[in-house]
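Engineer: Below is the structure I would like to discuss, written out as structure tokens.
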Amino acid sequence: MAAELSGWLRVIGLGPAGAEWRTAEASEVLARAQHVLGYHSYLARLQQEAAALPALLDPSAVLHGSDNGDELARARSALELAEQGQRVVLISGGDAGVFGMAAAVFEAIDLGPARWRALDVRVLPGVTAMLAAAARLGAPLGNDFCAINLSDNLKPWSTVERRLMLAAQAGFVIALYNPASRTRSEQVHRAFAILRQHRVPSAVVIFARAIGRAGEQLLVTTLEQADPAQADMQTLLLIGNATTRCIARPGATPWVYTPRKLDGST
Ligand SMILES: C[S@@+](CC[C@H](N)C(=O)[O-])C[C@H]1O[C@@H](n2cnc3c(N)ncnc32)[C@H](O)[C@@H]1O
């Protein structure tokens, strides 16, 4: 494979689901990539799409799949390839900057050899799961909100608990990423116990599962009625604040919105 005089690294998000939620800019760099690095299942998703749309990937592009947990090593490999003059794309789901690969790349640069700071590295924005889920429902993020990653793989659980409590007390609408996984099922129960101490029982709770993918499920319920066990690794949770409202619709999931205007009591 002929190397360009100067290689580059683009860090992209594939969006939460299919090609329609991937930006044109991300698709354009994918088509030019000599190397694509990412978690196995994201690469499998790309290969599946490329089978139907061959222009998506150069047939000679090398795909480098790795496991979850290997993020720093994956980022370093991508930087080394770019340094060798290759056109490299590193992929995340959703947006690469939201609990994705972009931070791992900058950790690698920060800790790595000084020459990596001169590389042509760019992060391209993507559609994060929180925005895709919110759009399905209407406008639950219509007022102030925050996003919390419920995984305690990279931070102490005590930090997650403190942030949950403060976010709930402060009245943010809360998006919870990574509520559970095959090896982590208890945390979401503990998270709900904290939320129930600081939010009214009637607060709106949304389980947004596999949004945009086969098997998409949307459940709109309340904090009182929600069963945390329904959350899995494909689920994003949205916890409404005191003003978040539902608009019932015949035979359809209700619209959910958080009004733009707040009085001083919320
Ligand atoms: C490691 S985080 C990656 C987030 C990703 N970078 C983003 O911007 O959406 C994975 C979590 O994102 C959420 N997620 C990603 N895609 C989703 C989808 N299509 N539907 C619902 N939740 C999704 C889930 O909470 C999942 O556990």
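Engineer: Once you have a ≥ b ≥ c as the square roots of the Cα gyration tensor eigenvalues for the range 8-123, tell me rounded if a/c is under 1.5, and otherwise prolate or oblate according to whether a/b is larger than b/c.
Structural biologist: Prolate, because a/c is 1.5 or more and a/b exceeds b/c.
Engineer: Indicate, rounded to the nearest 5 percent, the antiparallel portion of the DSSP beta bridges found entirely in the chain.
Structural biologist: Percentage antiparallel, nearest 5: 45.
Engineer: Mean residue ellipticity at 222 nm from the helices of the chain, using -39,500 (n - 2.57) per DSSP H segment of n ≥ 4 over the full residue count, to the nearest 500 deg cm²/dmol?
Structural biologist: Dividing the helical sum by the residues of the chain leaves -9500 deg cm²/dmol.
Engineer: Principal axes first, then extents: for the Cα atoms of the range 129-257, list largest minus smallest coordinate on each axis, whole Å, largest first.
Structural biologist: Principal extents (largest minus smallest coordinate, Cα): 43, 33, 23 Å.
Engineer: Whole-Hz Karplus ³J(HN,Hα) for the range 112-120, in order, using 6.51 cos²θ - 1.76 cosθ + 1.60 and θ = phi - 60°, x for Gly and Pro?
Structural biologist: Going residue by residue, I get x, x, 4, 5, 5, 5, 8, 6, 7 Hz, with x marking Gly and Pro.
Engineer: So what are the radius of gyration and Dmax for the Cα set of the chain, in Å?
Structural biologist: 20.1, 64
Engineer: Determine, for each peptide in 98-104, 215-221, the mean count of other beta carbons within 10 angstrom over its residues, then list the peptides with the highest first.
Structural biologist: Descending packing order for the listed peptides: 98-104, 215-221.
Engineer: Here is a follow-up. Given Cα pairs under 8 Å that are at least 6 residues apart, what percent is the relative contact order of the range 95-183?
Structural biologist: It comes to 28 percent, rounded to a whole number.
Engineer: Full extension from Asp152 to Ser66: what is 0.36 nm times the residue separation minus their Cα-Cα distance, to one decimal in nm?
Structural biologist: 28.9 nm
Engineer: Residue farthest toward the positive end of the dipole of the range 169-217, with Cβ of Lys/Arg at +1 and Asp/Glu at -1: which of Ile174, Ala191, Ile211?
Structural biologist: Of the listed residues, the answer is Ala191.
Engineer: To continue, here is another question. HN-Hα J couplings of the range 132-144 from phi, Karplus 6.51/-1.76/1.60, θ = phi - 60°, integer Hz, Gly and Pro as x?
Structural biologist: Karplus-based 3J(HN,Hα) across the range 132-144 equals 5, 5, 4, 5, 4, 8, x, 8, x, 9, x, 10, 4 Hz.
Engineer: What residues have an amide H closer than 5 Å to that of Ala231, excluding those fewer than 5 places away on the same chain, when H is modeled at 1.01 Å from N in the peptide plane?
Structural biologist: Residues meeting the criterion, in which the H sits 1.01 Å from N, do not exist here.
Engineer: Enumerate the amide H contacts of Val123 below 5 Å, restricted to partners 5 or more residues apart or on another chain; note that Pro and chain-start residues carry no placed amide H.
Structural biologist: Val11
Engineer: Let me ask something else about it. Over the chain, with a Gaussian network built from C-alpha contacts below 10 Å, which listed residue (Ala132, Ala147, Ala193) shows the highest mean-square fluctuation?
Structural biologist: In this elastic network of the chain, the residue with the biggest mean-square fluctuation among Ala132, Ala147, Ala193 is Ala193.
Engineer: List the residues whose amide H sits under 5 Å from the amide H of Asp58, counting only those 5 or more places along or on another chain, with H placed 1.01 Å from N in the peptide plane.
Structural biologist: Hits under the 5 Å cutoff: Ala33.
Rule-based calculations on the coordinates, nothing more; no lab input. For clarity, every value in this text was computed on a predicted model and none was experimentally measured. Here Cβ is always computed from backbone atoms with ideal geometry, including for glycine, and neighbour counts include all displayed protein chains.
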